[in-house]
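The values are calculated or read from the model by the stated rules, or taken from the named source; none is laboratory data. A quick note: this is a predicted structure, and the numbers were derived from the prediction, not measured. A quick note on method: Cβ atoms are made from the backbone with ideal geometry, for glycine too, and the neighbour counts reach across all protein chains shown. Areas reflect the complete protein model, heavy atoms only, side chains present, ligands, DNA and RNA absent. Shrake-Rupley method; radii C 1.70, N 1.55, O 1.52, S 1.80 Å.
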Amino acid sequence: MGTTLVTAQDRALHLEILHVPFYQPLLWLGRGWRDMRRHWSASLGYGALIVALGWTLLVFCATHPYFVAAATTGFLLVGPAMSAGLCEMSRRYSLGQSASFDESLEGFGRNAAALAEFGAILAVCAAVWFGVSAVLLGTVFHISAPSISETMYRGFIDSTNRTQVLAYVGVGGVLAVSVFAISAIAIPLIIDRRASARQGMLASVKAVFSNIPAMIVWSGLILILTAIGYAPLLCGLLIVAPLLGHATWHAYRDMVR
């Protein structure tokens with residue numbers, strides 16, 4: 001199945017979206033793990049940067065009233081923008097080239113304008129979620145936003161009923177699914193085919209809706225692995241973040257000819 005994505009300012013980009021079996025995401029993780037093993041220090045370097053960024057956000061935002069939203073959705077919303085270097089490493093491996101940490105930085109510069117635009121879009125999505133959280137907590141649920149201490153001791157859960165919690169999670173889930181749809185293969189497409197941010201998002205949405213069973217499995221694996229990565233004070237992201245970054249490249253390679 002082919003599609004041509006065109007914008008007024010950008011060149012035409014012809015892509016063929018392929019169908020993959022529902023179990024293919026497991027192979028993406030396997031290939032991602034293989035790429036990690038080829039240069040542990042470079043891959044783990046990206047993982048360490050992401051963990052450090054998470055710790056920094058927690059230190060400066062520990063008393064922010066929407067800590068719950070930041071802690072549970074921040075990585076899922078903005079994380080894809082951090083994977084450009086990891087996708088560049090896997091791209092170079094697929095071409096039989098070396099991929100040191102310094103060489104992987106070329107992924108950020110190859111199509112910097114589109115990457116910056118896409119990252120800004122994800123940041124806006126995160127900001128929208130924070131705003132929606134404020135509205136839901138303050139005007140719909142009629143409860144104050146949880147502080148860090150309340151969050152740690154489940155004060156938020158104790159002050160709401162099951163319907164309220166499900167509604168809150170449901171709204172966040174809709175936003176997370178939307179971000180997943182526009183970012184599933186956008187980053188590798190932007191750096192590999194020099195697509196614009198708009199073209200990358202359109203192609204990503206088309207690939208997701210053309211492979212719904214596989215994407216359900218993939219999104220579930222991302223959610224589970226991210227939860228595992230969050231558990232030990234974000235330290236698990238040292239492994240999880242680069243693994244998902246490398247696997248994203250292989251998802252792109254399998255779904256776009």
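Descriptive notes on the structure:
- Spacing of the modelled spin labels on residue 56 and residue 135, each 7 Å from Cα toward Cβ, amounts to 3.1 nm.
- Extended-chain gain in nm, criterion 0.36 nm per residue less alpha-carbon gap, residue 193 and residue 127: 20.9 nm
- Multiplying the residue separation of residue 40 and residue 18 by 0.36 nm and subtracting their alpha-carbon distance yields 4.8 nm.
- Rolling a 1.4 angstrom probe over the protein heavy atoms with all chains in place gives the stretch 200-257 an accessible area of 40 Å² per residue.
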